[in-house]
1. Scan the stretch 36-68 for residues that are closer than 26 Å to residue 84 by Cα and surrounded by 10 or more Cβ atoms within 10 Å (Cβ to Cβ) and report the count.
2. Would you check which residues across the stretch 49-84 are under 28 Å from residue 15 (Cβ atoms) and modelled with pLDDT under 90 and list them?
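The values are calculated or read from the model by the stated rules, or taken from the named source; none is laboratory data. Keep in mind that this is a model prediction, so the values were computed, not measured. For neighbour counting, all protein chains shown are included, and Cβ atoms are generated from backbone atoms with ideal geometry for every residue, glycine included.
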């Protein structure tokens with residue numbers, strides 16, 4: 001992707017409630033908190049039938065230039081595509 005890689009710089013997860021065999025879980029993800037070098041990817045898992053939240057979390061995404069061995073600025077093409085796909089509200 002424009003000569004840079006993607007690194008998961010940090011991750012956090014919180015279990016909210018128990019999930020049971022046979023339940024169908026729905027996962028939702030949304031990018032947030034953009035900065036010069038990356039963004040957070042927030043996610044949520046919920047039981048499809050009841051909407052009961054089961055877990056939530058965050059991945060810190062960092063763009064990295066392996067040749068220079070340092071963080072890289074978010075490629076403009078990536079930012080344009082992901083912002084176009086984000087829900088408006």
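1. Adding up the residues that qualify gives 20.
2. Correct list: 82 only.
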